[in-house]
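Q: Below is the structure I would like to discuss, written out as structure tokens.
What follows is calculated from the coordinates using simple rules that are stated; it is not laboratory data. No experiment lies behind these values; they were computed from the predicted model shown. Counting neighbours? That spans all protein chains shown, and the Cβs are built from the backbone with ideal geometry, glycine included.
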Amino acid sequence: MSTARRLSQQERRDATQAALLQATLDCLVEDGYLLTTTRLVAKRAGVSQGALQYHYSTRSELIIAAIQHLAHQLAEVGRAEFPATSDTSNERDQCEQYLDYLWEVHNLPIAGAIHELFVAARTDADVAARMGQVLAYAVDLVVEVAGRVAPTLSALKGFREWLLLSVATMRGVVTVSALGVGPAHVGDWAVLRNQLMAVLDSLKT
């Protein structure tokens, strides 16, 4: 006789949501924002259209929830890779490594779909409002992990602005590079990182 425990209603709901969010991310990567429909996501997740709409009433709500879910996952990875420390002797090196981590994040396969969402936000008020929330959420996570990476440096005046400048630089380079433009026109990441670190050094003077 089977002794397997039956899932509770909440566990089933959580499992369905997790499947929908992962299916949405997979569709965004493979098909892009415009072709990621609720019907396609439901089919990929193995749930009915009705079940999807029970959890997410609109397409934009579903997509933004998936992006926010991804941001949370990446933050957890960042926290694991950069645990809080009381050793302040190598904070600069830690910041440099953190920039490399953020650069890798900006070059994930999902980056193209996220760029499409920013473009869609220009003419879609609902997407714009939701992307604004996700962007604020992502910025808070980036800043929070940076505080763990470099508790002393992160307290410097201008550090948050430096971090946002670094992220904006990455986003711009990745966006332009998607057009097939090479490092000669957008810059090599290693060189750009060194320049960003020089700006960080200037905050200490």
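Q: What list do you get for VAL77, VAL191 if you sort them by fewest beta carbons within 10 Å? List each step's numbers first, then the result.
A: Working: VAL77 13, VAL191 10.
Arranged by neighbour count, lowest to highest, VAL77, VAL191 become VAL191, VAL77.
Q: Sort ARG39, ARG44 by Cβ crowding within 10 Å, fewest neighbours at the top.
A: ARG39, ARG44
Q: How far is helix 91-106 tilted off the main Cα axis of the chain, in degrees rounded to 10, range 0 to 90?
A: Tilt of helix 91-106: around 40 degrees.
Q: So, one more: Cα centroid distance between the range 56-92 and the range 156-205, in Å?
A: Result: 20 Å between the Cα centres.
Q: What does the C-alpha gyration tensor say about the overall shape of the range 66-203? Classify as rounded when a/c is under 1.5, otherwise prolate if a/b is larger than b/c, or oblate.
A: Verdict is oblate for the range 66-203.
Q: Between 0 and 90 degrees, rounded to the nearest ten: what's the tilt of helix 125-149 against the longest Cα principal axis of the chain?
A: For 125-149 against the chain, the angle is about 50 degrees.
Q: Would you please classify the overall shape of the range 1-151 from the alpha carbon gyration tensor, given that a ≥ b ≥ c denote the square roots of the eigenvalues, rounded means a/c under 1.5, and beyond that prolate means a/b larger than b/c while oblate covers the rest?
A: Values: a/c = 2.49, a/b = 1.41, b/c = 1.77.
It comes out oblate by the Cα gyration axes.
Q: Sticking with this one: Taking only Cα atoms, what is the 0 to 90° angle, nearest 10, from helix 111-121's long axis to the longest principal axis of the chain?
A: Roughly 80 degrees between the two axes.
Q: Another question about this same structure. Do the sum for the chain: with -39,500 (n - 2.57) for every DSSP H run of n ≥ 4, divided by all residues, what is the mean residue ellipticity at 222 nm, to the nearest 500 deg cm²/dmol?
A: -24000 deg cm²/dmol, from helical runs alone.
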